């Protein structure tokens, strides 16, 4: 056994990384494309309205050579205002994924069990695995993709963490607040409710339950509603005691100066644009669902900014054909829980129309897929 093999943690040696679709640059080179539209990443179609003002600020401020607000006090206060919660309950982090890492570091030892409900966001299992945790799956109920509340509670008896994604990724489905509160109340471990898409769900949240249950952490991100996925900014909401401990774990300057400034600017100056952009996505979501109905495609009514659509046996072929046209969707068709399904993001009206026209061109209502 080599020195490296002896030193490397065994759960890291066995770790399977998060799987992305190919980059836009690689696709352009491979297929000779001028344009790639990402329907796979659940990102917004444009940068926020403040983007040019942000660039002007950077040119005037010229402080990239310095650490700035390493305690995130200003951004923490703005997040507290946005969420109508006390600042001491906010943990600002470099993306929701860093939030998952902070949580895992706080609670997991080697071999500790982590309860997830597949299909769901794979980083719950991956980030827990990086920190020595072992994922235990309590599947969502078939077809409805609802939580198996009793199964989750039973699995929590010898677990440290339990993850609920609401709205769920990749299904776009939601669970009643009563069900989620029941799990939080009865679970014998910490419960993390990922609300990355809550802005697309009429901002329905369980954050108020933080005052009642000390085992609750709510996770959110700026990547979706704020249209700054590339900046990598997120936050956690929990009780003040736990928030202070999680703040002690996070990197002191995990969020870059640039990311912090644009996140602050979105919250301070761009909320009218944010609301307009959200409404555009909701209108387009309704339009796309109606279009899939017209195409006689099965889909799950979504409360997020994407739709899970079942294409059946032709799903992977359609995904590949779309990719050759520079239209990238997320292929979940080979996974047992989402067999035959593609997850397709909601983007601008123009981009959504391009996607629909391409799908229509590939489908024939009598014979199915046209190669």
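The values are calculated or read from the model by the stated rules, or taken from the named source; none is laboratory data. For clarity, every value in this text was computed on a predicted model and none was experimentally measured. So basically every Cβ, Gly included, is an ideal-geometry build from the backbone, and we count neighbours across all protein chains shown.
For segment 159-173, a tally of residues being crowded, with 24+ Cβ neighbours inside 10 Å and over 14 Å from residue 136 (Cα atoms) returns 6. Pull up segment 342-351, narrow it to residues that are in contact (Cβ under 8 Å) with a residue 40 or more places away in the chain and buried (at least 22 other Cβ atoms within 10 Å of the Cβ), then point me to the one that is nearest to residue 44 (Cα to Cα). My answer is 347.
Kindly check whether there is at least one residue in segment 187-208 that is surrounded by 24 or more Cβ atoms within 10 Å (Cβ to Cβ), more than 19 Å from residue 96 (Cβ to Cβ) and either modelled with pLDDT of 95 or more or in the same structural domain as residue 88 (by TED's automatic domain parsing) (or both). Within segment 187-208 (the criterion being surrounded by 24 or more Cβ atoms within 10 Å (Cβ to Cβ), more than 19 Å from residue 96 (Cβ to Cβ) and either modelled with pLDDT of 95 or more or in the same structural domain as residue 88 (by TED's automatic domain parsing) (or both)), the answer is yes, since at least one residue qualifies.
Yes/no per residue for (1) within 16 Å of residue 247 (Cβ to Cβ); (2) at pLDDT below 95; (3) assigned by TED's automatic domain parsing to the domain that holds residue 192; (4) assigned to a helix (DSSP H, G or I):
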{"site": "70", "(1), (2), (3), (4)": "yes, yes, yes, no"}
{"site": "91", "(1), (2), (3), (4)": "yes, no, yes, no"}
{"site": "100", "(1), (2), (3), (4)": "yes, no, yes, yes"}
{"site": "114", "(1), (2), (3), (4)": "no, no, yes, no"}
{"site": "118", "(1), (2), (3), (4)": "no, no, yes, no"}
{"site": "139", "(1), (2), (3), (4)": "no, no, yes, no"}
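Of everything in segment 211-232 that is over 30 Å from residue 257 (Cβ atoms) and touching a strand residue (DSSP E or B) at 6+ places or on another chain (Cβ under 7 Å), the residue that is surrounded by the fewest Cβ atoms within 10 Å (Cβ to Cβ) is 215. When we screen 76, 60, 34 for residues that are touching a helix residue (DSSP H, G or I) at 6+ places or on another chain (Cβ under 6 Å) and on the phi < 0 side of the Ramachandran plot, the only hit is 76.
For segment 166-186, the criterion of being farther than 30 Å from residue 285 by Cα, at pLDDT 95 or above and in contact with a strand residue (DSSP E or B) (Cβ under 6 Å, 6 or more places away or on another chain) is met by at least one residue.
Taking the residues in segment 77-89 that are free of Cβ contacts under 8 Å to residues at least 24 places away in the same chain and in a helix (DSSP H, G or I) as candidates, determine which candidate is nearest to residue 249 (Cα to Cα). Restricting to residues being free of Cβ contacts under 8 Å to residues at least 24 places away in the same chain and in a helix (DSSP H, G or I), the top hit is 87. Of the residues making up segment 250-268, not a single one is assigned to a strand (DSSP E or B) and farther than 30 Å from residue 359 by Cβ.
Inside segment 255-296, residues that are surrounded by 16 or more Cβ atoms within 10 Å (Cβ to Cβ) and without any contact (Cβ under 8 Å) to a residue 24 or more places away in the chain make up a count of 2. Could we say that residue 53 is in a helix (DSSP H, G or I) and within 30 Å of residue 341 (Cα to Cα) here? So residue 53 fails the test.
Exactly one residue out of 117, 156, 128 is more than 21 Å from the chain's Cα centre (by Cα) and crowded, with 22+ Cβ neighbours inside 10 Å, and it is 156. Each residue in segment 318-330 was checked for being in a helix (DSSP H, G or I) and touching a strand residue (DSSP E or B) at 6+ places or on another chain (Cβ under 6 Å), and 1 of them qualify. Do we find that residue 84 is surrounded by fewer than 15 Cβ atoms within 10 Å (Cβ to Cβ) and over 30 Å from residue 257 (Cβ atoms) in this structure? So residue 84 does not fit the description; no. Restricting the search to helices (runs of 4 or more DSSP H) fully inside segment 1-41 and requiring at least 1 residues that are surrounded by 14 or more Cβ atoms within 10 Å (Cβ to Cβ), assigned by TED's automatic domain parsing to the domain that holds residue 343 and at pLDDT 85 or above gives 24-31.
Within the bounds of segment 315-326, is there any residue that is closer than 14 Å to residue 171 by Cβ and either free of Cβ contacts under 8 Å to residues at least 60 places away in the same chain or under 20 Å from the mean Cα position of the chain (by Cα) (or both)? No, every residue in segment 315-326 fails to be closer than 14 Å to residue 171 by Cβ and either free of Cβ contacts under 8 Å to residues at least 60 places away in the same chain or under 20 Å from the mean Cα position of the chain (by Cα) (or both). Suppose the filter is surrounded by 13 or more Cβ atoms within 10 Å (Cβ to Cβ), in contact with a helix residue (DSSP H, G or I) (Cβ under 9 Å, 6 or more places away or on another chain) and in contact (Cβ under 8 Å) with a residue 60 or more places away in the chain; does residue 45 pass it? Considered against the rule, which asks whether it is surrounded by 13 or more Cβ atoms within 10 Å (Cβ to Cβ), in contact with a helix residue (DSSP H, G or I) (Cβ under 9 Å, 6 or more places away or on another chain) and in contact (Cβ under 8 Å) with a residue 60 or more places away in the chain, residue 45 comes out as yes.
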